[in-house]
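The values are calculated or read from the model by the stated rules, or taken from the named source; none is laboratory data. Please read all numbers here as calculations on a predicted model, not as lab measurements. Note that we place each Cβ from the backbone using ideal geometry, even for glycine, and neighbour counts take in every protein chain shown.
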Amino acid sequence: MSDLVQLELIRESLIAVVNEMRANIIHSSYAAIIYEGHDFSCALMSADGRQIAQGLADHPIHIFAVPYSTREVVRAFGDDIHEGDLFLHNDPYTGGTHLNDVLLLNPVFFDGKLALFAAMRCHWNDVGGMTPGSLSGRVKEIYQEGIRIVPTRIRDRGVMNQGVLDVLFNNMRGPEERIGDFNAMLGTGRKAADHIERLFKRFGGQAMLDGVDELIARSERQMRTRIRDCPDGDYYAEGYIESDGTNPDPLVVRLKLTVAGDAINADFTGTSRQTDGPTNCGPAMAFNAVGTIVKAFLDPNTPINHGSFNPITVTAPEKSFINARETAPCGGMAEVKFLIDSVVAAAMGQVVPSMSVGDLKGGANHVHIAGPRDDGGTWIHYEWPAGGTGASAGTDGSNAVRSYNEGDFNSIQSVETVESQYPLRVERCEIREGACGDGANRGGFGLRRDIRILGHTAMLSVLSEKNVIPPYGVAGGSNGAANRFVVLRDGKLVQPSDVPGKVSGFPLRPGDVVREETAGGGGYGDPLTRDPDDVARDVAQGYLTADQAMVRYGVALGDDGAPDMLATLAIRPDLKNARQMVTLVASNEDHMDGPRRRFVLSRGLAGRLDVDEGALIELRGPAAVPLRGWVQISDSATDGVLALGPDALRLTGAAPGGRIEARAVQSVPA
């Protein structure tokens with residue numbers, strides 16, 4: 001057998017082990033978030049914590065953080081790891097994601113030495129904390145989010161530490177479900193170890209481990225070749241989290257992405273400090289995000305192992321909200337990671353312009369509805385509604401599905417599962433009309449879902465992002481609609497929090513309806529160049545109204561629903577001429593107000609944009625991604641002229657004297 005054939009057999013055999021691990025978790029877990037939502041991932045790690053194999057369906061947000069966690073276990077226990085041991089971990093500060101994502105590491109030995117780990121990370125539906133489901137938009141310290149597990153040995157040479165498990169499960173709601181999911185992970189690790197031991201016999205133990213090292217080396221060479229094909233240079237991007245749940249100021253991520261030869265460095269210096277709210281993440285997430293996006297842009301088709309990420313280095317300031325330390329809560333880890341994804345994608349879109357893609361819904365959209373059980377316990381229903389994906393060159397975004405950075409995570413729970421388990425009724429679940437980001441290729445539409453509370457009181461907790469700052473469009477495309485989570489009570493709309501998307505234990509009455517409306521993906525290209533037949537098709541399918549087709553795309557429809565081409569050709573130039581263009585002048589400094597970027601507008605320009613003081617606008621320049629900032633109206637500003645500092649000019653790709661479009665950012669497009 002040739003070495004290449006042997007290598008491919010080793011690689012595919014290890015991936016097959018991971019795929020069977022996934023099947024075992026799905027078929028034996030207790031919580032719907034795992035068996036329905038697929039909020040879990042499996043992988044194989046080397047003895048020193050390098051990623052060996054994962055399945056294509058596994059969630060990058062889980063898996064790319066597992067090497068960090070594994071290395072922490074190895075660091076903590078060193079040579080004191082034995083056959084029959086098991087380790088648990090969920091601590092964000094040492095490589096975890098958020099506390100709900102619990103990692104089980106099962107060491108596997110060859111010839112008496114530690115050879116690798118079988119890793120399973122599953123979202124447990126509750127790990128304690130101040131609200132059912134453990135995720136809340138209004139927490140102020142990590143202790144309010146549940147039990148924090150630093151690297152912990154829970155089985156020693158085959159003997160389970162029942163005392164530790166009792167402490168864990170007795171501090172979690174619904175312990176029977178937690179124990180069931182733990183046992184599913186336990187059995188999955190045992191079966192994975194059995195399969196790996198058979199592979200050692202098949203290939204020869206040392207030959208297989210040598211093959212793993214060669215596969216990692218090959219992946220590294222492949223990625224370095226892809227990076228070498230990219231133009232060297234520094235590429236800049238920035239983006240915002242809209243709130244930490246208590247402070248009205250946004251949080252900013254700033255990135256300088258450097259391509260040099262066959263390596264990439266991502267420097268996040270200038271990013272906001274960690275906060276007291278849940279929108280923080282631990283040290284694994286910045287590297288996780290950069291690795292996810294660079295791999296997706298440059299090498300999306302080859303199998304994933306640690307070698308793909310060896311050419312990447314990351315500088316994330318300690319105690320920033322993308323590299324938080326005690327006691328910052330990290331429940332909104334996914335929201336932060338998705339923002340970093342968006343910022344890295346904006347920079348990579350400059351490196352590889354053909355791969356530019358509209359922005360996504362912005363996070364996990366955690367929605368928990370919980371109430372009392374008749375036996376005195378608590379039922380917890382967890383929703384994770386998907387949104388629209390971004391458009392790219394030649395391709396519309398998809399509607400209400402997961403995206404390239406989320407793996408096999410499902411769009412939403414089935415109605416049958418919800419209504420059979422909880423005192424709830426799903427009254428609507430449909431595509432959210434008008435939610436797409438407009439473009440020559442439009443973004444995908446989000447979803448709308450209405451859930452009625454039956455019979456008993458309940459409570460609502462929400463942790464989401466992009467409720468105020470919606471997903472951006474690229475290459476002239478428009479933003480998608482923002483997320484929105486509200487309550488309907490007696491036919492009236494009730495805001496469950498004064499901070500959109502950040503809700504903690506809002507009391508629900510019988511008959512209340514929780515309405516989820518998720519974000520649409522950002523558009524690609526000028527909406528006025530979209531094929532009128534495609535616009536007419538969206539209207540026919542109920543995605544857009546005829547008025548929206550006219551206002552947003554300049555497409556007039558006849559009585560038969562087909563485009564009226566003469567009217568369309570007359571409307572589109574008028575809409576293009578109505579755009580507000582500004583002339584740029586250079587300023588010595590960027591105008592900043594804390595984390596906010598400020599644009600100083602004349603009253604006349606603000607009036608034509610129909611924006612007030614403090615409104616969010618964006619500048620559409622040569623760069624694919626628009627530059628966003630908040631309005632400051634000044635009587636001394638020259639009408640039609642906008643002063644930008646050096647960073648802003650660099651981010652827009654424009655030069656002094658150039659003319660670019662300014663436009664209001666609408667959380668719900670017209």
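Test Val582 against the stated conditions and say whether it is part of a loop (DSSP other than H, G, I, E, B), aliphatic (A, V, I, L, M) and closer than 30 Å to Leu360 by Cα. Before you say what the answer is, go through the steps one by one.
Details: part of a loop (DSSP other than H, G, I, E, B): no; aliphatic (A, V, I, L, M): yes; closer than 30 Å to Leu360 by Cα: yes.
So Val582 fails the test.
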Scanning segment 53-99 for residues that are over 24 Å from the mean Cα position of the chain (by Cα), in a loop (DSSP other than H, G, I, E, B) and of a type outside the set (A, V, I, L, M) gives Gly78, Asp79, Asp80, His82, Glu83, Gly84, Asp85
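Test of understanding: among Phe87, Phe77, which residue is over 24 Å from Ser497 (Cβ atoms), of a type outside the set (Lys, Arg) and buried (at least 24 other Cβ atoms within 10 Å of the Cβ)? Break it down into steps so the answer makes sense when it comes.
Values: Phe77 fails: buried (at least 24 other Cβ atoms within 10 Å of the Cβ).
Only one candidate passes the filter, namely Phe87.
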Are there any pairs with C-beta distances below 6 angstrom linking a residue in segment 108-124 that is outside any strand (DSSP E or B) to a residue that is hydrophobic (A, V, I, L, M, F, W, C) and surrounded by 24 or more Cβ atoms within 10 Å (Cβ to Cβ), with the two at least 6 apart or on different chains, and if so which?
Trp124/Val102
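Can you spot a residue in segment 511-532 that is within 27 Å of the chain's Cα centre (by Cα), polar (S, T, N, Q) and at pLDDT 95 or above? Give the derivation first.
Within segment 511-532, the subset within 27 Å of the chain's Cα centre (by Cα) is 513-527.
Right, trim to polar (S, T, N, Q) and you get 518.
Keeping just the survivors that are at pLDDT 95 or above gives 518.
Checked segment 511-532: at least one residue is within 27 Å of the chain's Cα centre (by Cα), polar (S, T, N, Q) and at pLDDT 95 or above.
Filter segment 550-569 for residues that are closer than 12 Å to Ala536 by Cβ and touching a residue at least 60 places away in the same chain (Cβ under 8 Å) and give the result.
Quick first cut of segment 550-569, residues closer than 12 Å to Ala536 by Cβ only: 550, 553, 555-558, 560-565, 568.
Residue satisfying the conditions is Tyr553 alone.
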Select from segment 224-263 the residues that are among the charged types (D, E, K, R) and touching a strand residue (DSSP E or B) at 6+ places or on another chain (Cβ under 6 Å) and list them in ascending order.
Asp232, Asp234, Glu238, Arg254, Lys256
Per-region count, segment 207-248, residues closer than 30 Å to Val503 by Cα and surrounded by fewer than 17 Cβ atoms within 10 Å (Cβ to Cβ)
3
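Among the residues of segment 107-140, write down those that are among the small types (Gly, Ala, Ser) and crowded, with 24+ Cβ neighbours inside 10 Å.
Answer for segment 107-140, where residues must be among the small types (Gly, Ala, Ser) and crowded, with 24+ Cβ neighbours inside 10 Å: Ala118, Ala119, Gly129, Gly133, Ser134, Ser136, Gly137.
Buried (at least 24 other Cβ atoms within 10 Å of the Cβ) and either more than 26 Å from Ala670 (Cβ to Cβ) or not assigned by TED's automatic domain parsing to the domain that holds Ser136 (or both) - does that describe any residue in segment 486-495?
Kept after step one, since they are buried (at least 24 other Cβ atoms within 10 Å of the Cβ), are these residues of segment 486-495: none.
Within segment 486-495 (the criterion being buried (at least 24 other Cβ atoms within 10 Å of the Cβ) and either more than 26 Å from Ala670 (Cβ to Cβ) or not assigned by TED's automatic domain parsing to the domain that holds Ser136 (or both)), the answer is no, since none of the residues qualifies.
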Any chance segment 578-591 includes a residue that's surrounded by fewer than 16 Cβ atoms within 10 Å (Cβ to Cβ), of a type in the set (Asp, Glu) and closer than 19 Å to Gly658 by Cα?
yes
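Per-residue answers, yes or no, for (1) surrounded by 18 or more Cβ atoms within 10 Å (Cβ to Cβ); (2) under 18 Å from Glu238 (Cβ atoms); (3) among the aromatic types (Phe, Trp, Tyr):
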site	(1), (2), (3)
Leu619	yes, yes, no
Val631	yes, yes, no
Ser634	no, no, no
Asp639	no, no, no
Gly653	no, yes, no
The condition from (1) under 16 Å from Gly390 (Cα atoms); (2) surrounded by fewer than 17 Cβ atoms within 10 Å (Cβ to Cβ); (3) basic (Lys, Arg) that Lys466 misses is numbered (2)
List pairs: first in segment 405-431 and within 27 Å of Arg373 (Cα to Cα) and without any contact (Cβ under 8 Å) to a residue 40 or more places away in the chain, second aliphatic (A, V, I, L, M) and surrounded by fewer than 17 Cβ atoms within 10 Å (Cβ to Cβ), Cβ under 7 Å, 6+ apart or cross-chain?
Arg425/Leu454; Val426/Val415; Cys429/Val415
Residue count, segment 50-60 (criterion: touching a helix residue (DSSP H, G or I) at 6+ places or on another chain (Cβ under 6 Å) and either outside the structural domain of Asn106 (by TED's automatic domain parsing) or crowded, with 21+ Cβ neighbours inside 10 Å (or both)):
6
How do the pairs read when you match residues in segment 459-476 that are more than 15 Å from Val343 (Cα to Cα) with residues anywhere that are among the hydroxyl-bearing types (Ser, Thr, Tyr) and surrounded by fewer than 24 Cβ atoms within 10 Å (Cβ to Cβ), using Cβ under 6 Å and keeping only pairs 6 or more apart or on different chains?
Ser461/Ser504
Candidate set: segment 27-43, residues that are aliphatic (A, V, I, L, M) and buried (at least 24 other Cβ atoms within 10 Å of the Cβ); chosen: the one nearest to Val294 (Cα to Cα)
Ala43
Restricting to segment 60-96, give me the number of residues that are farther than 24 Å from Ala289 by Cα and in contact (Cβ under 8 Å) with a residue 40 or more places away in the chain.
8
I'd like to check something: does segment 174-185 contain any residue that is more than 30 Å from Met130 (Cβ to Cβ), in the same structural domain as Glu12 (by TED's automatic domain parsing) and assigned to a helix (DSSP H, G or I)?
no
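Return yes or no: is Thr389 touching a strand residue (DSSP E or B) at 6+ places or on another chain (Cβ under 9 Å) and either surrounded by fewer than 19 Cβ atoms within 10 Å (Cβ to Cβ) or among the polar types (S, T, N, Q) (or both)? Even if it seems obvious, please write down each step before you answer.
On the way: touching a strand residue (DSSP E or B) at 6+ places or on another chain (Cβ under 9 Å): yes; either surrounded by fewer than 19 Cβ atoms within 10 Å (Cβ to Cβ) or among the polar types (S, T, N, Q) (or both): yes.
Taking the combined requirement at face value, the residue satisfies it.
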Which one of the conditions (1) more than 20 Å from Thr131 (Cβ to Cβ); (2) modelled with pLDDT under 95; (3) surrounded by 23 or more Cβ atoms within 10 Å (Cβ to Cβ) does Ala296 fail to meet, given that it meets all the rest?
(3)
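Please verify whether Glu214 is touching a residue at least 60 places away in the same chain (Cβ under 8 Å), closer than 30 Å to Arg373 by Cα and charged (D, E, K, R), treating the condition exactly as stated.
Working: touching a residue at least 60 places away in the same chain (Cβ under 8 Å): yes; closer than 30 Å to Arg373 by Cα: no; charged (D, E, K, R): yes.
For Glu214, the condition - touching a residue at least 60 places away in the same chain (Cβ under 8 Å), closer than 30 Å to Arg373 by Cα and charged (D, E, K, R) - is not met.
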